[in-house]
1. Residue check: is residue 297 out of contact with any Cys (no Cβ under 6 Å at 6 or more places or on another chain), under 30 Å from residue 184 (Cβ atoms), at pLDDT 95 or above and assigned to a helix (DSSP H, G or I)?
2. Any residue in the stretch 212-238 that's under 18 Å from residue 296 (Cα atoms): show its pairings with residues that are open to solvent by 60 Å² or more (accessible area, probe 1.4 Å) at Cβ separation under 7 Å, as long as the two are six or more apart or on different chains.
3. Given the conditions (1) more than 15 Å from residue 344 (Cα to Cα); (2) crowded, with 16+ Cβ neighbours inside 10 Å; (3) touching a residue at least 12 places away in the same chain (Cβ under 8 Å), which single one is not true for residue 45?
4. Give the stretch 319-339 a look and list any residue that's of a type outside the set (A, V, I, L, M, F, W, C) and open to solvent by 50 Å² or more (accessible area, probe 1.4 Å), or say none.
5. Filtering the stretch 116-139 down to residues that are at pLDDT 90 or above and open to solvent by 40 Å² or more (accessible area, probe 1.4 Å), which residue is farthest from the chain's Cα centre (by Cα)?
6. From (1) in a strand (DSSP E or B); (2) open to solvent by less than 20 Å² (accessible area, probe 1.4 Å); (3) out of contact with any Phe, Trp or Tyr (no Cβ under 8 Å at 6 or more places or on another chain); (4) not β-branched (Val, Ile, Thr), pick out the condition that doesn't hold for residue 202.
7. Only residues in the stretch 272-283 that are in contact (Cβ under 8 Å) with a residue 24 or more places away in the chain count as the first member; pair them with residues that are polar (S, T, N, Q), Cβ under 6 angstrom, at least 6 apart or cross-chain, and list the lot.
8. Go through the stretch 56-86 and give me each residue that's in contact with a Leu (Cβ under 8 Å, 6 or more places away or on another chain), of a type outside the set (D, E, K, R) and open to solvent by 40 Å² or more (accessible area, probe 1.4 Å).
Amino acid sequence: MTFESSGAGSIGQAGEKELATHKLSFDTTGAGGLIGLHIVNLIFMALTLLVYRFWALTRIRRAVWPRMRLDGSPLEYTGSGLEIFIGFLKVFVLILLPYLFASNWINSNLIDRELGLNPTFMALSLLLGIGAVFLLSAARFLAYRYRVNRTQWRGIRGSVGGAAYLYGLRVLFYYFLTVISLGILKPWADIRLLQYRIENTKFGGRTLAFDATARGLWLPYVVFLALYLCFLGSFFVPYLTLFGDFLVALFSGNLNGANLELNDEDLKSAAIGTSFGLALVFVLGAGLAYLNYLVVFWKNVVGKIRFGRARFSFQPTRWQIFCLFLGNALIVQLTFWLLLPIAWLRKGKFLAKHLVIVGDLDENELVQAEFDTGTTGEGFLGDFDLA
């Protein structure tokens, strides 16, 4: 597999130049030990009312990260359970508790027991909802930054710049445009948000480049959107008969004599059964269509990521991805999450098999990124890049 060279030479008959392909591998041996670790983690989480979850997550990452190797060298995870726990405490005390108190106060004081909801209640509830979306989006960005900052390869660390609050504001703006466009702009919004994360990501001091657009995403997404709208519309099937009666009565001028209720039990049962059947067909179709959209999305964006002179490619087939998703879902659900590590190993092996890196990584030119201690060391405002 070759890409056009960015140097003096070009690939072709005049100057054939084969670029280096960097090999990814993922070790799937020792699954029993990983399952044992997972079960022990579950026991300790149950005994500590989930408090141990932060240390369990760290132990799992330290066990799984090194299984992925690039050119024979493993990835390393350097995070700690204490860091994640302190981050959770800050979020709980400074966000979750105030949010719960505010929500409880609004529900207790701004609902008229006789008249129901009032404009003040609705406005404050809307603000709380917007705030929750903003904070959740910022938290996702912080989680991404933490994982990258605590990942290294051959002693060279990753780092993420940008600002969590700016990412949260972008989410609100882009998806506001998506809502008022009735969902049409979602592919564009997805690309722009991913672009912010990737273009603020560095490895060894070198920034990733990203030049993807939403081109090629519109048709798969519109197919999903159409099927999803059909799914929603299927719930109105029982009312189509009433609507037909209403139209007949309207055009005949006999609205008073129109039968606007489904009184026939057989007709009602048939309408409800048809509605349920259509809903099932359309929801399955919408799920498969959205999976297809995700496949096209990731194939598109991964191929547009550059790291210096190296480029990425991700070209699994739809059937391969479907088998991965379905197999992992069955493994997890049928074993009540006890064999979840098998799903991790399958995903790691799949990624190593289908992700291709071609071109010179220029490892000797990489410099060590400054170690980021801000995730827990600067307080809440520092985490959100506000101070």
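The values are calculated or read from the model by the stated rules, or taken from the named source; none is laboratory data. Keep in mind that this is a model prediction, so the values were computed, not measured. Methodologically, a virtual Cβ is constructed for each residue, glycine included, from the backbone with ideal geometry; neighbour enumeration extends over all protein chains shown. These accessible areas exclude ligands, DNA and RNA; they are computed on the full protein's heavy atoms, side chains included. Shrake-Rupley method; radii C 1.70, N 1.55, O 1.52, S 1.80 Å.
1. Yes.
2. 212/304; 214/188; 224/290
3. Result: residue 45 fails condition (3) only.
4. Across the stretch 319-339, the qualifying residues are 320, 333.
5. 130
6. (2)
7. Close Cβ pairs (under 6 Å, with a partner that is polar (S, T, N, Q)) amount to 275/234; 278/234; 279/234; 282/234.
8. 65, 66
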